[in-house]
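Here the structure is laid out as structure tokens; the discussion comes afterwards.
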Amino acid sequence: QARSEVVHVAGDSDPSLMDSMHKRLDAMKKQPVSIIVVGASGDLAKKKTFPAIFSLFYHDLLPEDFVVYGYARSKMSQEEFRELIMSTLTCRVIDGRKCSEKMDEFLPRCHYVSGKYDVSSDFSALSKELAMFESSNEVSNRLFYLAVPPSVFQKAASNINLAGRSPKGYTRVVVEKPFGKDSESYRELRAGLSSILSEEETYRIDHYLGKELVQNLMSLRFANSIFEPIWNRNYIQSVQLVFKENFGVEGRAGYFDGVGIIRDIMQNHLLQVLALVAMEPPVSLHAEDIRNEKVKLLRSMEKLSKDSFVIGQYEGKGEGQPGYRADEGVAPRSKTPTFAACVLNIRNQRWEGVPFMMKAGKALDERKAEIRIVFKPAAGSIFSVPNTIKNNELVIKIQPDESIYMRIANKVPGLTSRMEEGRLNMFYREAWEESKDIPDAYERLILDVLNGEKSLFIRDDELEVAWDIFSDAIHELEEDPNVEPESYKYGTRGPVGADHLAARHGSRWS
Ligand code: NDP
Ligand code: BG6
């Protein structure tokens, strides 16, 4: 069954918006497109991009006339490329026969061209191949997905501009994060890219914005009347934004060692989530209105310094759990943080004095991403509530096991008056039939690029402020010879310094 009936769009509860979205979807499906994945041999392309494109095809959400081109320096034959793609594909809805039929239909549309990112004649060769597919179409669009490290963005984009543009349709370019290394390099990259690609053609992706529970933040906050009155400094004691992975950087050190966890996760994924949690209600669900509110919020945040942070780096624990520095591609004395925790402050009427605590780390004890809104304790309580549940918490679990729940103090049933923690739960798996088939964030976002829908992409001024918040701190941490990341063992909760940081702000990590 085509998922076009349940495509979730910003504002799909509004019938007129729904209607226009469906029209847009139908129009999009009639427009031929070439999807070119630049960096096709890489981790992101294999893990996310190709599976997402296939899933859109599986659910009948790609244009009827499309091709997928992989482009990278690695040499690969068409067969090897198709095998590589094949090995990455899965079907969410298990219907074995349909799945393999769809794969058989999909693979012949996939092609590979090997070329360098900084050689425009290689892009011309790619363009020639694309032109063959496009020759019978009056209109043909090109969507370039830059799944390459940030150091390559500018070169690849310049060559797309010189030799890769569609001669008879739109050219859209998806750029991955991190977009730059700091405020200065961001401005350079922005100036460089804006001279060759218009803002309209540029899609700065942050896949956390495509995650189901992150998209739901707007509905949760602005479509319910119970949250808004308490969504402020009068009731909220602190907000926690947590990202944990239970695996290291294995195999991605070449990228990660020059980047570190602050640029990889905090400056983009967690800050975007923070902006949606803390911004004022937008005037409407249109992309510019939402992005205006996010920029306003980010501009009212204090810049961070190195003292706002605790950083850490994992060391090995045993077989299968190698230390960060043991990874191929990591400098032997690398100080790159694989863990960081920090406290951010928002200087506005709603949030003054409420610490926004962020924590992100690799090789920790579990994999999860969540938001915790920690409320102030009940005033003048007549109950003896255990310390562990004095604060109500609203927990938005982004992954895994998507759920929203409230931690409350509750009387244990029976003759005693003992209090224990109770939970008001909404587990997506139980609450929604559709949650068995939640699209991957990349699927949603690539569909939005095809539709020209920008509300889940980052605007240039938004990124500029985002870098300004983190840039000084990143430099201070990297340049101060006395700063050493605290080490922690693979598979643990991370450095104890993070607990002390939370305690200094009257909080503790869950
Ligand atoms: P990779 O390290 O896998 O690089 C992708 C491809 O780029 C490689 O296969 C390689 O292809 C080429 N490449 C790698 N290093 C260089 C270099 N120094 N110079 C030129 N080309 C190079 O990166 P990822 O796929 O992990 O990430 C790509 C982008 O996507 C990054 O910006 C990352 O932040 C972002 N991202 C990644 C995610 C992930 O889970 N991996 C998730 C979200 C975002 P070849 O040698 O064949 O040309
Ligand atoms: C990417 C980071 O942006 O996000 C990776 O580069 C990280 O280091 C990944 O592993 C996490 O994404 P997800 O969707 O698995 O939480």
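Worth pointing out:
- Helix-derived mean residue ellipticity, 222 nm - over the chain, DSSP H n ≥ 4, -39500 (n - 2.57), to 500: -9500 deg cm²/dmol
- Normalised by the number of residues in the stretch 164-253, the mean separation of alpha-carbon contacts (under 8 Å, six or more apart) gives a relative contact order of 23 percent.
- The convex hull around the C-alpha trace of the stretch 357-510, projected and averaged over every direction, spans 14.6 square nanometres.
- Packing-based ranking, highest mean first, of 259-270, 77-88 given that Cβ atoms within 10 Å are counted: 259-270, 77-88
- As a rough guide to protection, the peptides 371-378, 145-152, 439-446 ranked by mean Cβ packing within 10 Å, highest first, stand as 439-446, 145-152, 371-378.
- Two-site label geometry, SER417 and ASP461: point separation in nm, points 7 Å out along Cα→Cβ: 5.7 nm
- Convex hull volume per residue in cubic angstrom - Cα atoms of the stretch 272-388: 206 Å³
- Cα pair distances in the stretch 59-188, grouped into 5 Å bins until the bin that holds the longest one, percent each: 2, 9, 16, 19, 18, 16, 10, 6, 2, 1, 0
- For the stretch 124-281, alpha-carbon Rg over 2.2 N^0.38 Å: 1.32
- Residues SER198, SER34, arranged from fewest to most other Cβ atoms within 10 angstrom of their Cβ, appear as SER198, SER34.
- Computed from the alpha carbon positions, the gyration tensor of the stretch 348-441 leads to an equivalent ellipsoid with semi-axes of 28, 21, 13 Å, biggest first.
- Cα gyration tensor of the stretch 100-142 - equivalent ellipsoid semi-axes, whole Å, descending: 23, 16, 7
- Label-point gap, in nm, between ASP365 and ARG187 - each point 7 angstrom along Cα→Cβ: 4.4 nm
- About the Cα centre, charge dipole magnitude for the stretch 247-337 (Lys/Arg +1, Asp/Glu -1 at Cβ), debye: 300 debye
- Full extension of the chain between SER136 and SER87 yields a length gain of 14.5 nm, computed as 0.36 nm times the residue separation minus the alpha carbon distance.
- The chain, Rg to Rh (Cα coordinates; Rh as Kirkwood inverse mean 1/r): 0.97
- Taken along the Cα-to-beta-carbon direction at a fixed 7 Å, the label points for SER381 and GLU64 span 6.3 nm.
- What the Cβ-Cβ distance of PHE247 and THR388 gives, at R0 = 25 Å and to the nearest 0.05, is a FRET efficiency of 0.25.
- Base-10 log of normalised Debye intensity for the stretch 260-300 (one unit scatterer per alpha-carbon) at q = 0.17, 0.20, 0.23 Å⁻¹: -0.46, -0.59, -0.72
- Annotation: the residues LEU463, LEU25, sorted from fewest to most other C-beta atoms within 10 Å of their own C-beta, follow the order LEU25, LEU463.
- Length gained on full extension, ASN482 to LYS75: 142.1 nm, using 0.36 nm per residue less the C-alpha separation.
- Considering only the Cα atoms of the stretch 175-267, their convex hull presents on average a projected area of 9.3 nm².
- Per-q log10 I(q)/I(0), the stretch 26-104, q = 0.17, 0.21, 0.24 Å⁻¹ (Debye; single scatterer per alpha-carbon; no solvent): -0.70, -1.03, -1.23
- When the alpha carbon gyration tensor of the stretch 142-201 is reduced to an equivalent ellipsoid, the three semi-axes, largest first, read 20, 12, 9 Å.
Any read-out appearing in this document is the output of simple, stated calculations on the displayed coordinates, not a laboratory observation. Predicted, not measured: the structure shown is a model, and the values here were computed from it. Glycine gets a Cβ as well: all are built from the backbone with ideal geometry, and neighbour counts include every protein chain shown.
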